[in-house]
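Here the structure comes first, spelled out in structure tokens, and everything after it is commentary.
FYI, it's all coordinate maths here, none of it is from the lab. Treat the numbers as computed from the prediction; the structure is a model and nothing was measured. For neighbour counting, all protein chains shown are included, and Cβ atoms are generated from backbone atoms with ideal geometry for every residue, glycine included.
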Amino acid sequence: MGSEEDGIATELLQIADEIVRIPMSGQVASLNVSVAAGMILYEAVRQRA
């Protein structure tokens, strides 16, 4: 997970197996890292059910 200001380090992006993005709409500019992780984990479990 990256920081809100700097994002994920280039070195980590180069070795990552997957890069995912959460579509954002409305007034939300960014998500807390724990909220983003929860959304990704929820979607992974939902797709496997």
I need the shape label for the chain. Rule: rounded when a/c is under 1.5, else prolate if a/b > b/c, else oblate, with a, b, c from the alpha carbon gyration tensor. oblate
Extension gain, LEU13 back to ALA49 (0.36 nm per residue minus Cα-Cα distance, nm): 10.1 nm
Sparse-neighbourhood loop sites, GluC sites (Glu not before Pro) in the chain - DSSP loop, at most 13 other Cβ within 10 angstrom: GLU4, GLU5, GLU18
